[in-house]
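Below: the structure, in structure tokens.
A short reminder: the numbers here are calculations on the coordinates, not readings from a lab. Just so we're clear, the structure is a prediction, and the values are computed from it rather than from any experiment.
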Amino acid sequence: MKPNQELRRKLLLHNMTQGPVIGERFRQFRTTIKKSLEQLEEESGFSIDYISCVERGFYVPTVFFFEFFYRRYRLDLTWILTGLGEMFFCHSPRRDDGGDRGTNTAIYQKNKKK
């Protein structure tokens, strides 16, 4: 199953009541990476209002929202959806993914030396 199909499947199975929980986790993620709503808007193209509504649990984010933050920061989708595991996906990033290596730069550099 392709990654986008797997993510869509997880989101479809996810109950709408999880919006507030996902929002709390997303806010925790944003404070961990030390970004303001304005900075995330500039980086992602998602409006401040949309990001704020996600954080407050009014919206369950789209697949595109999750995909952006996975590619940019390696936000672990299992963690954001379920609370299980680590906040950041811990495998070393691929060179061809098109995303910024964000917080995984140290892991990437370590694996590059091998």
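For Phe88, nonlocal amide neighbours, meaning residues 5 or more places apart or on other chains whose placed amide H falls under 5 Å from its own, are Asp76. Rounded if a/c is under 1.5, else prolate if a/b is larger than b/c, else oblate: which is the range 23-72, with a ≥ b ≥ c the root eigenvalues of its Cα gyration tensor? The shape class here is rounded.
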